[in-house]
Amino acid sequence: MKELTEILDEECEVYSKYLKLAGKKREALIKNNIDLLPKITDIERKLSTKILQLENKRKLFLREEGYETNVTIGEILTSLANRDEHESQETLEQTAKRLKETLEQCKKFNDNNMALVRQSSSYINHMIKVFTKSDKSSESATYQKNAAGKIENIRLADIQG
């Protein structure tokens with residue numbers, strides 16, 4: 001099981017790099033540094049390719065060891081306990097726990113970044129609507145009061161995207 005632990009360790013390292021990139025992506029989104037996003041996406045693509053390679057390596061190892069490729073870590077740990085391989089079991093369990101924590105952090109970052117992207121997109125769409133709304137009159141797009149002091153011509157602040 002040492003080889004499986006090494007594969008999972010490698011995956012954890014790749015996901016850790018991905019997590020650091022997620023932080024950079026968030027920073028780029030917040031600072032509106034659009035030029036940096038394609039570079040980050042390119043690195044993410046390379047990391048994804050590495051993850052796929054490691055997953056294929058993991059599946060091959062599991063087949064060679066007589067496991068189904070969709071076997072869970074829990075099932076492998078039980079198998080190791082039954083074979084009295086407690087040291088391998090503990091090492092694999094620690095590695096799996098670290099990988100799970102890293103994946104949870106990646107998911108959290110991705111969810112937050114997606115919320116930022118949606119928020120940014122919504123804001124941009126709203127601003128496009130505000131500035132491209134056809135208005136035949138030459139009136140100002142601000143709040144104005146009529147002679148009675150009542151606010152009229154409420155357009156700019158009331159447009160919702």
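The numbers here are math on the coordinates, done by the rules we state, and not lab data. None of the values given here were measured: they were computed from a predicted structure. In this analysis, Cβ positions are derived from the backbone assuming ideal geometry, glycine residues included, and neighbour counts consider all displayed protein chains.
May I ask you to verify whether LYS25 is touching a Ser or Thr at 6+ places or on another chain (Cβ under 9 Å), of a type in the set (D, E, K, R), touching a residue at least 24 places away in the same chain (Cβ under 8 Å) and surrounded by 14 or more Cβ atoms within 10 Å (Cβ to Cβ)? Working first, answer last.
Details: touching a Ser or Thr at 6+ places or on another chain (Cβ under 9 Å): yes; of a type in the set (D, E, K, R): yes; touching a residue at least 24 places away in the same chain (Cβ under 8 Å): yes; surrounded by 14 or more Cβ atoms within 10 Å (Cβ to Cβ): yes.
Taking the combined requirement at face value, the residue satisfies it.
Contact map, the stretch 111-123: residues that are free of Cβ contacts under 8 Å to residues at least 60 places away in the same chain paired with residues that are surrounded by 11 or more Cβ atoms within 10 Å (Cβ to Cβ) and not in a helix (DSSP H, G or I), Cβ distance under 7 Å, separation 6+ or inter-chain. Pairs shown: SER122/GLY161. Residues in the stretch 71-124 that are surrounded by 12 or more Cβ atoms within 10 Å (Cβ to Cβ) and not in a helix (DSSP H, G or I): VAL71, GLU85. Cβ-Cβ distances below 7 Å connect the following pairs, each with a first residue in the stretch 5-19 that is under 13 Å from ALA96 (Cβ atoms), a second residue that is among the small types (Gly, Ala, Ser) and part of a helix (DSSP H, G or I), and a separation of six or more residues or different chains: LEU8/ALA96. Of the residues screened, GLU68 is not one that is among the acidic types (Asp, Glu), out of contact with any strand residue (DSSP E or B) (no Cβ under 9 Å at 6 or more places or on another chain) and part of a helix (DSSP H, G or I).
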